[in-house]
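Here's a structure for you.
The values are calculated or read from the model by the stated rules, or taken from the named source; none is laboratory data. These figures come from a predicted structure and were not determined experimentally. We place every Cβ from the backbone using ideal geometry, glycine too, and count neighbours over all the protein chains shown. In case anyone asks, the SASA skips ligands and DNA or RNA and just uses the protein heavy atoms, side chains included. Shrake-Rupley method; radii C 1.70, N 1.55, O 1.52, S 1.80 Å.
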Amino acid sequence: IGIEPPKTEQNTAERTIAVSNGEQRMTIREVSAMTGMREDTLRYYEQIGVIPQVPRNKWGVRTYQEPVLQKIFLVQKLKAAGMPLKGIKQYMEAPAKEEQPLTAQRRLLEQTKSELLHKIGSLQFCMQQAQQLLDEMGMEQ
């Protein structure tokens, strides 16, 4: 863990958003605010390889750029689709590991969809059981 220099107007501006070669860089705090993800979650995803290693500036502060931000947005979509973290990690690694990454990614999405359909079926059964119990209670009154 690096030690940050005291905050001054100049280095705070450099750490907050640095623009070089036309690329905007954002701190973890800004990415957290923009995505709604906690800072520790972003660090964890980087640590386990769900998102790539994020470059750091001379103060050791992570500087997120567009390609990593796009991956974070994709992770959010995959989570919203119900994919577990293990599957998300495999999905994100597929382009580097598979000869046909789209096939591997499609398989993971289809597996997630199948698991969701199974969960929906289980929940519908639970609803039917609850309704049956309510119906039986209504008859007893």
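Which of the residues that make up region 57-90 are open to solvent by 60 Å² or more (accessible area, probe 1.4 Å) and farther than 19 Å from Arg38 by Cβ?
Lys58, Glu66, Pro67, Gln70, Lys86, Gln90, listed by residue number.
Could you list, in sequence order, the residues of region 16-30 that are assigned to a strand (DSSP E or B) and at pLDDT 50 or above?
Glu23, Gln24, Arg25, Met26
May I pose another question? Surrounded by 14 or more Cβ atoms within 10 Å (Cβ to Cβ), within 12 Å of the chain's Cα centre (by Cα) and acidic (Asp, Glu): which single residue out of Glu115, Glu93, Glu39 fits that description?
When all the criteria are applied, what remains is Glu39.
Another one. I need a count of the residues in region 29-76 that are aromatic (Phe, Trp, Tyr) and touching a Pro at 6+ places or on another chain (Cβ under 9 Å).
Count: 2.
Of the residues Ala13, Ala33, only one is farther than 29 Å from Leu117 by Cβ, open to solvent by 40 Å² or more (accessible area, probe 1.4 Å), part of a helix (DSSP H, G or I) and at pLDDT 95 or above; which?
Ala33
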